[in-house]
Amino acid sequence: MSLLNKIGRGLAAYLEKPSKTIQPSTCKPEFLASTIRVGDVLLVDGSSRISTAIKYLTQSTWSHAALCIADERNSADPSCDNITLVEADVLDGIRTIPLSHYAHLHTRICRPVGLNEAEIESAIEFATAQVGHQYDMKNVFDLMRYLVQTPPVPARWRRKMIVLGSGDPTRAICSSLIAQTFHSIRYPILPDIFFEKAKHPDNKAYYDEVLQIRHHSLFVPRDFDMSPYFNIIKPTLDKGFDPHSIEWSEYQQNE
C-alpha cells in the first residue's frame, strides 16, 4: 500500500503541473473577496493536467471545487488573503488555503439557499474535521489511465472513470468532500428522483416525487453548477454592474 501511495504521489505531482492554456479570472479579486460567503462552493477552472482531464471527462468548464469556511463580510477592505477555503488537494490531501490561491483563475460561486446559521456552522465543522485526511489516490490512477490512452472515452463512461474511488472514508476527492459536507446536514445537490405510489384523498392513485441522496463519490464539480438548489453568484453583477458605464475602445480586433 505504501508503494502504491508513493507511485500515486509521483503521478499526482506530474498531473498537478500546469498546462499551457490558462483561463484568467473574469472578475476583480476584491469583488470576489467581498462577495463570497461562508458555506459557498467555489468552482475553479483549473490549468493543470489533472484539471484538463477532469474537464474532459465531465464535459465541463469546472475542474475543482472548494468550500468557503471563513469570509470577510464585516470587513471594510476585504482581501482574498484573509478568506479561507477547505479543499481536497491531490498532493496535500484535505487542507485549508486562502482564497487568493484561486483569485487569478476563472471561478464561480455556488450558494446554498435557505440554510440557517446553525446548519451552516454544522457543515463547516464537518468539513474542517476532515482536514488532514488524504486525497483518494485511486482517483489519480483513474485519471492517468485517461491521459495515456489513445482512443476517446465514450460519453457514458466518462463520469464513471473519476468516481470509482477506493471507498476509504479517510480519503476523498474535491467534489466528494463537499458532497459529504452538504449530505451531513441533509442539503440536496443533485439527488436521484423517483416516484412513489401513494393514495389520493379521493382514493385515486397518484405518485409522490421522492428525492434520494446519491452517494458522495458520484459527484463532480459541475454538479454544483447544475444543481437547482444552489444560486449562481457572479461578483461583478453582485456589485452593481452598469453596462452604460463601460468605456469602449475605438480599436476593433480583427478575427
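The values are calculated or read from the model by the stated rules, or taken from the named source; none is laboratory data. Since we're looking at a predicted model, the values are computed, not measured. All Cβ positions, even for glycine, are placed from backbone atoms using ideal geometry, and neighbour counts span all protein chains on display.
Note down all Cβ pairs under 7 Å where the first residue falls in segment 232-243 and is surrounded by 13 or more Cβ atoms within 10 Å (Cβ to Cβ), the second is part of a loop (DSSP other than H, G, I, E, B), and they're at least six residues apart or on different chains. Qualifying pairs under 7 Å: 235/27; 236/27.
The set of residues in segment 95-110 being touching a strand residue (DSSP E or B) at 6+ places or on another chain (Cβ under 7 Å) and crowded, with 18+ Cβ neighbours inside 10 Å consists of 99, 102, 105, 106, 107, 108, 109, 110. Residues in segment 56-108 that are part of a loop (DSSP other than H, G, I, E, B) and closer than 20 Å to residue 179 by Cα: 59, 60, 61, 62, 63, 90, 92.
Could you please give the count of residues in segment 101-116 that are in contact (Cβ under 8 Å) with a residue 24 or more places away in the chain and over 12 Å from residue 42 (Cα atoms)? The qualifying residues number 3. Here is a check on your reading of the model: is residue 115 in a loop (DSSP other than H, G, I, E, B), at pLDDT below 95, over 15 Å from the mean Cα position of the chain (by Cα) and more than 22 Å from residue 237 (Cα to Cα)? The answer is no for residue 115.
Scan segment 43-55 residue by residue and report those that are part of a strand (DSSP E or B) and touching an Asp or Glu at 6+ places or on another chain (Cβ under 7 Å).
Selection gives 43, 48.
Pairs are defined by a Cβ separation below 6 Å, a sequence spacing of at least 6 or placement on different chains, a first member in segment 55-73 that is basic (Lys, Arg), and a second member that is modelled with pLDDT under 90; the pairs so defined are 55/63.
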